[in-house]
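**Q** Please see the structure below; I have some questions.
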Amino acid sequence: QSLLSNYMMKYTMEAPTIETSLDKEEEKPTSTMIASYNSAQSLLCFNYKRVVTPKRVTLGAELQCQPASLESAVMVGGEFAFTRSKVGVVVDGSGRIQSTLETKLGREPGSPSLTFAAELDHGKNVMRFGYGLNIG
């Protein structure tokens, strides 16, 4: 019988900020670090997430590596939320850039939303673009 285990460690802390608000009850920026190991795939993964401005700006990074083969992958990204739209951007270690733009077309709950997505892969010389409309 083979016993396969996964291990994970998570640490969240309040991020250092400059006090600019008089309201002390609002959410504070946080930093979260996660390290995990999947013994079945021999995969080691490190994640970092920084909430710069709660409900507005979030940045993150991920490093995956396989210690046995020394293969690794890295990604860095950000998500920026506006009043009625959201922009996400991710860049990985191979030179691939992915981005999405989601916007609501109305102010009422259940309003249609429009999504644009793009991918630029420098390594494979590939460019992709897509769009979606969600009604309901």
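**Q** Say whether the condition of being more than 27 Å from Lys28 (Cα to Cα), free of Cβ contacts under 8 Å to residues at least 24 places away in the same chain, assigned to a strand (DSSP E or B) and open to solvent by 60 Å² or more (accessible area, probe 1.4 Å) is met by at least one residue in the range 105-119.
**A** Yes, because at least one residue in the range 105-119 is more than 27 Å from Lys28 (Cα to Cα), free of Cβ contacts under 8 Å to residues at least 24 places away in the same chain, assigned to a strand (DSSP E or B) and open to solvent by 60 Å² or more (accessible area, probe 1.4 Å).
**Q** All but one of (1) touching a Ser or Thr at 6+ places or on another chain (Cβ under 8 Å); (2) modelled with pLDDT of 95 or more; (3) among the hydroxyl-bearing types (Ser, Thr, Tyr) hold for Ser31; which doesn't?
**A** (2)
**Q** Next up: Look at the range 120-136 and say how many of its residues are more than 20 Å from Val89 (Cβ to Cβ) and surrounded by 14 or more Cβ atoms within 10 Å (Cβ to Cβ).
**A** The qualifying residues number 0.
**Q** Still on this structure, I have one more. Quickly run through the range 40-56 and pick out the residues that are modelled with pLDDT of 90 or more, open to solvent by less than 50 Å² (accessible area, probe 1.4 Å) and farther than 17 Å from Thr12 by Cα.
**A** Once the filter is applied, which keeps residues that are modelled with pLDDT of 90 or more, open to solvent by less than 50 Å² (accessible area, probe 1.4 Å) and farther than 17 Å from Thr12 by Cα, the range 40-56 yields Leu43, Leu44.
**Q** May I pose another question? So the check is Cβ under 7 Å with 6+ separation or different chains; which pairs have a first residue in the range 32-43 that's without any contact (Cβ under 8 Å) to a residue 24 or more places away in the chain and a second one that's among the β-branched types (Val, Ile, Thr)?
**A** Hits for this filter: Thr32/Thr12.
**Q** Assess whether Ser72 counts as being in contact with a Ser or Thr (Cβ under 8 Å, 6 or more places away or on another chain) and polar (S, T, N, Q).
**A** no
**Q** If Lys124 passes every condition in (1) assigned to a strand (DSSP E or B); (2) touching a Ser or Thr at 6+ places or on another chain (Cβ under 9 Å) but one, which one does it miss?
**A** Lys124 satisfies all of (1) assigned to a strand (DSSP E or B); (2) touching a Ser or Thr at 6+ places or on another chain (Cβ under 9 Å) except (1).
**Q** Failed condition for Gly130, given (1) touching a Leu at 6+ places or on another chain (Cβ under 9 Å); (2) farther than 30 Å from Glu14 by Cα; (3) among the small types (Gly, Ala, Ser); (4) modelled with pLDDT of 95 or more, with all others met?
**A** The one condition Gly130 does not meet is (1).
**Q** Next question. How do the strands (runs of 3 or more DSSP E) wholly within the range 30-75 filter down when requiring 1 or more residues that are closer than 15 Å to Gly88 by Cβ: which remain?
**A** In the range 30-75, 43-53, 57-66 are the strands (runs of 3 or more DSSP E) which contain 1 or more residues that are closer than 15 Å to Gly88 by Cβ.
The values are calculated or read from the model by the stated rules, or taken from the named source; none is laboratory data. Computed from a prediction, not measured in an experiment: that's the story for all the values here. Neighbour counts are summed over all protein chains in view; Cβ atoms, including those assigned to glycine, are modelled from backbone coordinates with ideal geometry. Note: accessible area is taken over every heavy atom of the protein model, side chains too, but ligands, DNA and RNA are not part of it. Shrake-Rupley method; radii C 1.70, N 1.55, O 1.52, S 1.80 Å.
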